[in-house]
Amino acid sequence: MLPITLFFYGFLAGCAGLLLQILFLTFFGEETAITNPGLVFLFAAALAEETTKLLFLIQAFRRYAIPSLTLPSLLLFGFGFALIEVLLFFFTGSSSREGIPLLPLSANILVHLATTLFLGFLLKYFPFPGRFVFGGLAFVTLLHALYNLFRLNT
């Protein structure tokens, strides 16, 4: 039951990350940020997603302790988180314009799985709050932002 719960935690974390991105665009973004995102938006989007991911993982850890940070639970959390972006791809009509590009969707899922595993295992072995956790957040944000930059240029 716990892994399924963590899948929904991941899904809700993805929803929260998307909401933060929408709020950022509403208050600070330009109208062209969706079609031509700038460097600031790419880093802000990565920070929003990774911060919500970390906050939901911390909440799951506080509620369920160590079993919430096992490999199956973290993988399902990551899949739940990535599902938001996959669904957005299909519901925004991107799939009808480009077909279904399996490589970008797979890479997107792998990035979210990797960052989830990194943050989850970091929380498992180093208590929150701590400089390792904040350093890990900075690392996965940079990794995610670099991935966003790579996707923008391909």
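Things worth noting here:
- Among the candidates Leu105, Leu87, the residue that is modelled with pLDDT of 85 or more and either in contact with a strand residue (DSSP E or B) (Cβ under 7 Å, 6 or more places away or on another chain) or surrounded by 12 or more Cβ atoms within 10 Å (Cβ to Cβ) (or both) is uniquely Leu87.
- Failed item, numbered, when Ser106 is tested on (1) touching a residue at least 40 places away in the same chain (Cβ under 8 Å); (2) small (Gly, Ala, Ser); (3) out of contact with any helix residue (DSSP H, G or I) (no Cβ under 9 Å at 6 or more places or on another chain): (1)
The values are calculated or read from the model by the stated rules, or taken from the named source; none is laboratory data. The shown structure was predicted, so the numbers you read here are calculated from the model rather than taken from an experiment. All Cβ positions, glycine included, derive from the backbone under ideal geometry; neighbour counts span all protein chains shown.
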